[in-house]
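We did not get these values from a lab; they are worked out from the coordinates using the rules stated. No experiment lies behind these values; they were computed from the predicted model shown. Note: ideal-geometry Cβ built from the backbone for every residue, glycine included; neighbour counts use all protein chains shown.
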Amino acid sequence: MKKFAIAIHGGAGTILKSSMTAEKEMAYTAALQEAIDTGYTALEKGATSLDAVEFAVKSLEDSPLFNAGKGSVFTSDGTHEMDASIMEGNSLKAGAVTMVKGLKNPVTAARLIMEKSEHVFLAGQGAEEFARNLNCEFKEPDYFYDELRYQQWQEIKDTDSFQLDHTVKKDGKFGTVGAVALDKFGNIAAATSTGGMTNKKYGRVGDSPMIGAGNYANNNTCAVSCTGSGEYFIRAVVAYDVSCLMEYKGLSLEQATKEVINKRLLNIGGDGGLIAIDVKGNISLTFNTEGMYRASKTSNGSEFIGIYK
């Protein structure tokens, strides 16, 4: 039987067991389980890796626990601006959206851009118009309302501060979500989605929708989805850097991800993590923070769900 596998993440950062209630931990674990099972079941039934990463990310976007889709944080204007990207490793085709409002599942719009347009990256109202024309589901603002997110915004609302997801004082947790997968046909894919930063201004865009920075897939090397301090991931071109180290230096998936996350990213002051998979089904869940919501499942029977380091 051909190998297949999937990995997902729901954000990295200062995630400490000491500050997590048993109920919350169970809720996060259940949400990760549902997302990984959704993607894995699709692969098991013969779906493509592209299908699997879209389905898994949609599951995470539909949960209020993660900073993507339904759980997206508030901007300085009190709105929700979302970003997403998707890429498949066989043809290097990709699609991405940024600064979209009201879209229930931005990752689906990203895929439609890849498959139904001649473009890779659409932004703002234009991206929304494109998504409406292709019957993407839109929701009213109250769908995206979450009391915790609202209180986070209230604390810094009229200041010049912004924060990454659930940051409390110096604790940071970056709530981008993502998935990478290998299907039975030997193809890999990656998808990433986020609600960005609380109180963000000026149309700020992070790494999540940027191909090569927060998301990348290439059958010759690996598929990568990132989460963390976006500005640093953009500057370090993290997702593509992992692929480059494998392609040009011959590093293994694990060696490449550790080199980028634990050395290169840290050297410029960036923190966060990534999930990655190669065409042999090897998986890496690498982060330099206190924790990362993560899960993986492979056709050889191994399954893993983790939150803390």
Order the peptides 269-275, 123-129 from the highest to the lowest mean number of other Cβ atoms within 10 Å of their residues.
269-275, 123-129
Could you work out how far apart the two model spin labels at residue 142 and residue 154 are, taking each label as a point 7 Å from the Cα in the direction of the beta carbon, and quote it in nm?
1.8
Cβ-placed point charges (K, R +1; D, E -1), dipole of the chain about Cα centre in debye, nearest 20:
640
Which helices count as membrane-span-like in the chain under these terms: full DSSP H, at least 30 Å along the axis by C-alpha, Kyte-Doolittle mean of -0.5 or more?
22-44
Going residue by residue through segment 63-79, the Karplus relation 6.51 cos²θ - 1.76 cosθ + 1.60 with θ = phi - 60° gives ³J(HN,Hα) values, rounded to whole Hz and with x marking Gly or Pro, of 9, x, 6, 10, 7, 6, x, 4, x, 4, 6, 8, 7, 5, 8, x, 10
Starting from the Cα gyration tensor of segment 89-153, take the square roots of the eigenvalues, sort them a ≥ b ≥ c, and report rounded, prolate or oblate (rounded when a/c is under 1.5, otherwise prolate if a/b is larger than b/c, else oblate).
prolate
Debye calc, one equal point scatterer per Cα of segment 5-308, no solvent, log10 I(q)/I(0) at q = 0.06 1/Å comes to -0.16
The chain, helix-only ellipticity at 222 nm - DSSP H runs n ≥ 4, -39,500 (n - 2.57), divided by all residues, nearest 500:
-9000 deg cm²/dmol
PRE reach from residue 92 (point 7 Å along Cα→Cβ): which of segment 182-196 fall under 16 Å by backbone N?
188-190
Whole-Hz ³J(HN,Hα) for each residue in segment 284-300, computed from phi via Karplus 6.51 cos²θ - 1.76 cosθ + 1.60 with θ = phi - 60°, x for glycine and proline: what do you get?
10, 10, 10, 8, 10, 10, 6, x, 7, 5, 7, 7, 8, 8, 10, 6, 8
Of 184/297; 24/297; 24/200; 17/263; 17/101; 93/309, which sit over 24 Å apart, Cα to Cα?
24/200; 17/263; 17/101; 93/309
Phi-based couplings in Hz for segment 84-101 (Karplus 6.51, -1.76, 1.60; Gly and Pro marked x):
7, 8, 8, 8, 10, x, 6, 9, 6, 6, 8, x, 7, 10, 9, 6, 9, 10
